[in-house]
Amino acid sequence: MADFWDKEELIGKLGKNSREEIQIKVVEKKDKKYIDIRTFWYDSNADDYRPSQKGVAIPFESLEELKKYIGSIE
């Protein structure tokens, strides 16, 4: 998605299964920052992971609220 976002910084990856992973990134579009959590699928022809439509871009100003909700999960 590097051609969609103006800037992106990979924060981490979580394995989903043998063909997919979840990537967490801080991204920017038109000077607005987001936390992008998205499923990427493995493209064996390109030997690389490609973004899917399965994901969410959360406005960066909601980060503290997101951390609060994640922290409450047991």
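Summary of computed values
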| item | result |
| --- | --- |
| 36, 43, 48, 3, ranked by accessible area, largest first (probe 1.4 Å) | 3, 48, 43, 36 |
| Accessible surface, per residue, of the chain when the full set of protein chains is kept, probe 1.4 Å, Å² | 76 Å² |
| Relative contact order (%) - segment 2-50, alpha-carbon pairs under 8 angstrom, separation at least six | 28 percent |
| For residue 16, distant residues with modelled amide H under 5 Å away | 21, 22 |
| Set 16/68; 16/54; 30/68 screened for pairs whose C-alpha atoms are more than 22 Å apart | 16/68; 30/68 |
| Cα pair distances exceeding 18 angstrom across the chain, given as percent | 44 percent |
| Computed label-point distance, nm, for sites residue 17 and residue 56 using a 7 Å Cα→Cβ extension | 2.1 nm |
| Rounded percent of accessible protein surface that carbon and sulfur make up, the chain, 1.4 Å probe | 51 percent |
| The chain - mean residue ellipticity at 222 nm from DSSP helices (-39,500 (n - 2.57) per run, n ≥ 4, rounded to 500) | -3500 deg cm²/dmol |
| Estimated FRET transfer efficiency (residue 43, residue 72; beta-carbon r; R0 25 Å; 0.05) | 0.10 |
| Hits among lysines - C-alpha to C-alpha of residue 32 under 17 Å, sequence gap 8 or more where chains match | 7 |
| Packing-based order for 54-61, 13-20, using average beta carbon neighbours within 10 Å, highest first | 54-61, 13-20 |
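The values are calculated or read from the model by the stated rules, or taken from the named source; none is laboratory data. In this text, all values refer to a predicted model and were calculated from it rather than measured experimentally. Cβ atoms come from the backbone with ideal geometry, glycine included; neighbour counts cover every protein chain shown. Accessible surface is based on the protein model in full, side chains and every heavy atom, while ligands, DNA and RNA are left aside. Shrake-Rupley method; radii C 1.70, N 1.55, O 1.52, S 1.80 Å.
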